[in-house]
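Colleague: I am attaching a structure below and will ask some questions about it afterwards.
The values are calculated or read from the model by the stated rules, or taken from the named source; none is laboratory data. These numbers come from a predicted model, not from an experiment. Cβ: placed from backbone, ideal geometry, glycine included. Neighbour counts: every protein chain shown. Surface accessibility is based on the protein's heavy atoms, side chains included, excluding ligands, DNA and RNA. Shrake-Rupley method; radii C 1.70, N 1.55, O 1.52, S 1.80 Å.
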Protein chains: 2
Amino acid sequence: MEMVDDGIMEKLDLKSLGFESTNDTFRIADFGCSVGPNTFFAVENIMKAVEHKHHAQFNNSAPLSGFQVFFNDVTTNDFNTLFKALHSNEKYFSAGVPGTFFGRLLPRSTLHFAHSSYCLHWLSKVPTEVLDSESPAWNKGSIQCDGLKKEVTKAYSAQFQSDMSTFLEARGQEIVGGGLMVIITGGLPDGVLMSQAGIGMYYDLLGSCLIDMAELGVISEEQLDSFNLPLYYSSSKEIEEIIKANGNFSIERMDSLSHNIWKTSRETKIKVSVTGGRAVFQGLLEDHFGREVAEKTFENFETKLDENFSIIDGAAHEHIDHFILLKRNVN
Amino acid sequence: MEMVDDGIMEKLDLKSLGFESTNDTFRIADFGCSVGPNTFFAVENIMKAVEHKHHAQFNNSAPLSGFQVFFNDVTTNDFNTLFKALHSNEKYFSAGVPGTFFGRLLPRSTLHFAHSSYCLHWLSKVPTEVLDSESPAWNKGSIQCDGLKKEVTKAYSAQFQSDMSTFLEARGQEIVGGGLMVIITGGLPDGVLMSQAGIGMYYDLLGSCLIDMAELGVISEEQLDSFNLPLYYSSSKEIEEIIKANGNFSIERMDSLSHNIWKTSRETKIKVSVTGGRAVFQGLLEDHFGREVAEKTFENFETKLDENFSIIDGAAHEHIDHFILLKRNVN
């Protein structure tokens, strides 16, 4: 939140956006909003910072007409829950925008500020090669881009590049010249492989539970091999190159945030890890393997996590969060 | 649809709205959209007519940049269902706007076309006087504004006037000068009382089923007396006066549409009447009387409708639909 505040104070020029003379509404969008409440904290923080900057820039001589917020997520997102939570305490005009953010969602040059938090490490699809037994990029025996096989990493990286470029192109059309975008997304420190980071070990452990299911004959080898996580943790260099190649935005700030050390009991950590894993991945597993297998897998996962937690918790490396502040170029 | 087409062709001046020189997006909102598909037919018809008018006015010399549609309904509306239906075939940018239309929902001067169909005969609340045993407007023995008691009609009419004014004021702020609004809402022909129209008889019959419940002791007298339908069927004169008093809009067209004669079997008519009644009123009854009473009431209603259908079907009078085309005054 502080980094967003600073970014708005330092990099948002409300004068060049025309807010001194027009009483246009300041329009914000959150791409990948889920059902709240995190999205509300994020957009309310942005609004506070914009008001602050507005005061600093014009000293109340110009009116700030108000805000309109577009909450975007996929069509299957539970917008009913989002809207019910939203309306308990609303100080802005709001709208839900259903649809994939890997495509246009809003009219041209209508957004002043875009935000996307913890979404862009999700790919639009698993790269086809990694599920193809004929391909050198076949990811046999793993459910993720663990970084151990060059061809697999290359396929995942290419998919990430394609998705990210599509995202930047769509947002480039929607954001006005001089408008800002904050992207927060999962990544890896330079030179660290996914399989060396705690989170990669966590996914590998989940994968091992699916391998168990195949060995028990609960699922077939084919079912197992046709499943991979559509996730990619990029390096900052990779992201930087994609943004520069796209050309719509200038990079105003780029930081790697490391995770806080998690000071709580081992039991709580395991509980939260399982609950979090279920929240994020159970639907994905149910879609591929059915409800029963997903449930069994997570029961097994809970046991295995308990047995192996010290390895994951004590991993030498951790993933990072990329914090990226972009400004839309004026054409 | 034809009347909307004609209204757009005759009354929408895209030149004065600036669409010759800007490539602004044409923004449409449907207030009270429900879950589809009617709202999709309505807005797609509007878009087709605007494109048609655009071609007629500029002969392709100016580009029409596209459309953004805001689908509005109350926060408890099932937007998930709306969004899933929407995305099967979308040619425009769309957004859901949750919240009551008796209040502001969109930024100032951002709408070019507003639409509201079969919603504004629903009041924001039952007028308090009609539920108050101390008031001369107490509506003892009836669940609707049947038109038989002057004080009751006055209370309902005042609530309608207040709600309609609030609606016109909010839309007046949201619609750009020169923008259009189509309102379609239930009404009564001049001089016809609700209790004389088929639909009023239908509501009276539903009311009689609730009176039966009270007589059987299933619900208390107090529960019965504290229930009225928040519905008001206005006369065209009444609506006209409210629009003129509000002053934001000029009336470009106002028509009374009578209902088509319904050529189908008696059985089908009864079935559709009960199904329709459940769809619209069961939730309202459940909220007030609980699920079980609502169910019993509708079972009784089905029987009574069968017994009394010839009276309702043969009513000398029918309600009408007001079709109103308004243009936002340029300030």
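Colleague: Give me, ordered by chain and number, the residues 5 or more places off B:SER94 or on other chains with an amide H under 5 Å from its own placed amide H.
Modeller: For B:SER94, whose amide H was placed from the backbone, the distant partners under 5 Å are B:VAL69.
Colleague: Still on this structure, I have one more. Got a sec to turn the phi values of region A:120-133 into Karplus ³J(HN,Hα) couplings, 6.51 cos²θ - 1.76 cosθ + 1.60 with θ = phi - 60°, whole Hz, x for Gly and Pro?
Modeller: Each residue of region A:120-133 in turn: 7, 7, 8, 8, 5, 6, 6, x, 4, 4, 6, 9, 9, 5 Hz.
Colleague: Still on this structure: Quickly estimate the mean residue ellipticity at 222 nm for the protein assembly as shown, helices only: each DSSP H run with n ≥ 4 gives -39500 (n - 2.57), and the total goes over all residues, rounded to 500. Write out the running numbers ahead of the final one.
Modeller: Values: 18 runs with 290 residues, N = 662.
That calculation yields -14500 deg cm²/dmol at 222 nm.
Colleague: Over chain A, what is the percentage of antiparallel beta bridges among all DSSP beta bridges, to the nearest 5?
Modeller: Numbers: 17 of 40 bridges.
Percentage antiparallel, nearest 5: 45.
Colleague: Which one of B:THR297, A:VAL69, A:ALA279 is farthest out on the positive end of the charge dipole of the protein assembly as shown, using unit charges on Cβ (Lys, Arg +1; Asp, Glu -1) and the Cα centre as origin?
Modeller: A:VAL69
Colleague: Charges only on Cβ, +1 for Lys and Arg, -1 for Asp and Glu: so what's the dipole of chain A about the Cα centre, in debye to the nearest 20? Don't skip to the answer; put the middle values down first.
Modeller: On the way: 28 positive and 45 negative charges, 220 e Å.
I would put it at about 1060 debye.
Colleague: The protein assembly as shown: percent of C-alpha pairs farther apart than 50 Å? Before the final figure, lay out the partial values.
Modeller: Working: 59000 of 218791 pairs.
The calculated P(r) of the protein assembly as shown puts 27 percent of pairs beyond 50 Å.
Colleague: Distances from B:LEU148 to the same residue in each other copy, label points 7 Å out along Cα→Cβ, in nm, shortest first?
Modeller: 8.3
Colleague: What nm value, rounded to one decimal, do you get for the distance between B:ASN38 and B:ASP313 when each label is placed 7 Å out toward the C-beta?
Modeller: Placing both labels 7 Å beyond Cα along the Cβ direction yields 2.3 nm.
Colleague: Another one. Please work out the Cα convex hull volume for chain A and give it in Å³ per residue. Could you put the intermediate results ahead of the total?
Modeller: Values: hull volume 46.5 nm³, N = 331.
Looking at chain A, the number lands at 140 Å³ per residue.
Colleague: Label position 7 Å from Cα toward Cβ: report the copy-to-copy distances for B:ASN60 in nm, one decimal, ordered from shortest.
Modeller: 5.6
Colleague: Select from region B:224-329 those chymotrypsin sites (Phe, Trp or Tyr not before Pro) which occupy a DSSP coil region and have at most 10 other Cβ atoms within 10 Å, ordered by residue number.
Modeller: Numbers: sites: B:PHE227, B:TYR232, B:TYR233, B:PHE249, B:TRP262, B:PHE281, B:PHE289, B:PHE298, B:PHE301, B:PHE309, B:PHE323; in loops: B:PHE227, B:TYR232, B:TYR233, B:TRP262.
For chymotrypsin sites (Phe, Trp or Tyr not before Pro) across region B:224-329 that sit outside H, G, I, E and B with at most 10 neighbouring Cβ atoms in 10 Å, the list reads B:TRP262.
Colleague: So how far apart, in nm, are the two label points at A:TYR118 and B:ASP132 if each is 7 Å from Cα heading toward Cβ?
Modeller: Reported label-point gap for A:TYR118 and B:ASP132 is 5.1 nm.
Colleague: Kindly state, to the nearest 0.05, the FRET efficiency for A:VAL330 paired with A:ASP6, given R0 = 22 Å and r defined as their beta-carbon distance. Before the final figure, lay out each step's value.
Modeller: Values: r = 22 Å, r/R0 = 1.00.
Computed FRET efficiency for A:VAL330 and A:ASP6 comes out at 0.50.
Colleague: Considering every residue in A:65-73, what mean count of other chain Cβ atoms within 10 Å of its Cβ is obtained? If you can, show how the numbers build up before the last one.
Modeller: Working: counts 3, 3, 1, 5, 0, 2, 2, 1, 1.
Average per residue, whole number: 2.
Colleague: Here's a follow-up. Assuming R0 = 56 Å, can you tell me the calculated FRET efficiency for the pair B:VAL74 and A:SER265, based on Cβ-Cβ distance, to the nearest 0.05? The partial results should precede the final answer.
Modeller: Working: r = 45 Å, r/R0 = 0.80.
The formula returns an efficiency of 0.80 here.
Colleague: Sticking with this one: Between A:LYS125 and B:ALA158, what is the label-to-label distance in nm when each label sits 7 Å out along the Cα-to-Cβ direction?
Modeller: Label-label distance for A:LYS125 and B:ALA158, simple model: 6.4 nm.
Colleague: Short version: ³J(HN,Hα) in whole Hz for each residue of region A:270-286, in order, from phi by Karplus 6.51 cos²θ - 1.76 cosθ + 1.60 (θ = phi - 60°), x for Gly and Pro, what are they?
Modeller: So the Karplus estimates, Gly and Pro as x, are 5, 4, 5, 5, 6, 4, x, x, 4, 4, 8, 10, 4, x, 4, 5, 4 Hz.
Colleague: Something else now. Taking a ≥ b ≥ c as the square roots of the Cα gyration tensor eigenvalues, with a/c under 1.5 meaning rounded and otherwise prolate when a/b beats b/c, else oblate, which class fits region B:224-288?
Modeller: Details: a/c = 3.50, a/b = 1.44, b/c = 2.43.
Oblate shape, in that a/c is at least 1.5 and b/c is the bigger or equal ratio.
Colleague: Tell me, what HN-Hα J-couplings in whole Hz come from the Karplus equation 6.51 cos²θ - 1.76 cosθ + 1.60 at θ = phi - 60° for each residue of region B:139-153, using x for Gly and Pro?
Modeller: The phi angles translate into 9, 3, x, 9, 9, 8, 7, 7, x, 8, 10, 3, 5, 5, 4 Hz.
Colleague: Once you order the gyration tensor axes a ≥ b ≥ c over the Cα atoms, which shape class does region B:132-219 get: rounded for a/c under 1.5, otherwise prolate or oblate by comparing a/b with b/c?
Modeller: Numbers: a/c = 2.41, a/b = 2.10, b/c = 1.15.
Because a/c hits 1.5 or more and a/b exceeds b/c, region B:132-219 counts as prolate.
Colleague: In region B:250-330, which trypsin sites (Lys or Arg not before Pro) are in a loop and have at most 10 other Cβ atoms within 10 Å, using DSSP for the loop call? Can you show the working numbers first?
Modeller: Details: sites: B:ARG253, B:LYS263, B:ARG266, B:LYS269, B:LYS271, B:ARG278, B:ARG291, B:LYS296, B:LYS304, B:LYS327, B:ARG328; in loops: B:LYS263.
Counting only loop positions with at most 10 other Cβ atoms within 10 Å, the trypsin sites (Lys or Arg not before Pro) in region B:250-330 are B:LYS263.
Colleague: Mind listing the long-range amide H neighbours of A:LEU148? Cut-off is under 5 Å, sequence gap 5 or more, other chains count too, H placed in the peptide plane at 1.01 Å from N.
Modeller: Here nothing satisfies the definition.
Colleague: Next up: Enumerate the amide H contacts of B:ASP73 below 5 Å, restricted to partners 5 or more residues apart or on another chain; note that Pro and chain-start residues carry no placed amide H.
Modeller: B:GLY32, B:CYS33, B:VAL97, B:GLY99
Colleague: What whole-number value in Å² describes the accessible area per residue of the protein assembly as shown for a 1.4 Å probe?
Modeller: Ligands and nucleic acids excluded, the result is 45 Å² per residue.
Colleague: Put a point 7 Å out from Cα along the line to Cβ at A:SER258; what are the distances to that point in the other copies, in nm, shortest first?
Modeller: Copy-to-copy label distances at A:SER258, shortest first: 8.2 nm.
Colleague: If you take the accessible area of A alone, add that of B alone, and subtract the area of the pair, what total do you get in Å², probe 1.4 Å, to the nearest 100? Mind showing how you got there, number by number?
Modeller: Numbers: alone 15790 and 15750 Å², together 29560 Å².
Adding both sides of the contact gives about 2000 Å².
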